[in-house]
1. Can you tell me which residue within segment 48-63, out of those that are more than 15 Å from THR23 (Cα to Cα) and in a strand (DSSP E or B), is most open to solvent (accessible area, probe 1.4 Å)?
2. I want to confirm something. Restricting to segment 25-36 and keeping residues that are surrounded by 10 or more Cβ atoms within 10 Å (Cβ to Cβ) and more than 14 Å from the chain's Cα centre (by Cα), which single residue is farthest from PHE69 (Cα to Cα)?
3. Would you tally the residues in segment 69-87 being open to solvent by less than 50 Å² (accessible area, probe 1.4 Å) and out of contact with any Leu (no Cβ under 8 Å at 6 or more places or on another chain)?
4. Can you tell me which residues in segment 27-43 are within 16 Å of THR59 (Cβ to Cβ), of a type outside the set (Phe, Trp, Tyr) and not in a strand (DSSP E or B)?
5. Could you give me the residue pairs with C-beta distances under 9 Å whose first residue belongs to segment 90-119 and is without any contact (Cβ under 8 Å) to a residue 60 or more places away in the chain and farther than 16 Å from SER73 by Cβ, whose second residue is among the aromatic types (Phe, Trp, Tyr) and open to solvent by less than 60 Å² (accessible area, probe 1.4 Å) wherever it lies, and which are 6+ apart or on separate chains?
6. Can you tell me how many residues in segment 93-113 are in a loop (DSSP other than H, G, I, E, B) and closer than 18 Å to GLY64 by Cα?
7. Can you say whether ARG66 is basic (Lys, Arg), open to solvent by less than 60 Å² (accessible area, probe 1.4 Å) and under 22 Å from PHE29 (Cβ atoms), as far as the supplied structure shows?
Amino acid sequence: MKKYGWILVYMIVMQVSAQQNDTAVFTRFYYPDSTVSAEGWMRNGQPDGYWKSFYPDGTLRSEGNRKNFLLDSTWKFYDEKGNIQMWITYQEGRKHGLRRLHTDEETIEVFFENDTIQG
């Protein structure tokens, strides 16, 4: 009976350990001068969930989501003045949907399907 009790305790400890390792933790990375360079959720030592990165002056550089460690949803990229330069839609780590690039002269739109330009 004791043998089965220890096996049960061991299984519970292993399950709790596995769950703790799979827990997302909000994390910040810093430039050498201590300003935030990026922030978001880490799971199993890898970025997952919503992330932002910043220029050294604190201006937002990019933002978007990862799902199961892969780029997912719309990612936005900004210039050093905070103006949106480009946004790209991802699905399961691949460009899938509209990519919009803003230049001084025009806005260029391209549609992707599974990382391949359509049309």
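The values are calculated or read from the model by the stated rules, or taken from the named source; none is laboratory data. The structure presented is a predicted model; accordingly, all values stated were derived computationally and were not measured. So basically every Cβ, Gly included, is an ideal-geometry build from the backbone, and we count neighbours across all protein chains shown. Surface accessibility is based on the protein's heavy atoms, side chains included, excluding ligands, DNA and RNA. Shrake-Rupley method; radii C 1.70, N 1.55, O 1.52, S 1.80 Å.
1. Keep residues of segment 48-63 that are more than 15 Å from THR23 (Cα to Cα), which gives 51-63.
Next, only the ones that are in a strand (DSSP E or B) stay: 51-54, 60-63.
Values: TRP51: 24, LYS52: 69, SER53: 24, PHE54: 31, LEU60: 43, ARG61: 96, SER62: 13, GLU63: 28 Å².
Checking each candidate, the answer is ARG61.
2. Here the answer is THR35.
3. Qualifying residue count, segment 69-87: 5.
4. ASP33, THR35, listed by residue number.
5. LEU101/TRP87; HIS102/TRP87; GLN118/PHE112
6. First, pick out the residues of segment 93-113 that are in a loop (DSSP other than H, G, I, E, B): 93, 103-106.
Now restrict to residues that are closer than 18 Å to GLY64 by Cα: 93.
Final tally of qualifying residues: 1.
7. Details: basic (Lys, Arg): yes; open to solvent by less than 60 Å² (accessible area, probe 1.4 Å): no; under 22 Å from PHE29 (Cβ atoms): yes.
Judged against the criteria, ARG66 is not a match.
Yes or no, residue by residue, for (1) exposed (fewer than 14 other Cβ atoms within 10 Å of the Cβ); (2) among the hydrophobic types (A, V, I, L, M, F, W, C); (3) under 16 Å from the mean Cα position of the chain (by Cα):
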residue: TRP41; (1), (2), (3): no, yes, yes
residue: GLY45; (1), (2), (3): yes, no, yes
residue: HIS102; (1), (2), (3): no, no, no
residue: ILE117; (1), (2), (3): yes, yes, no
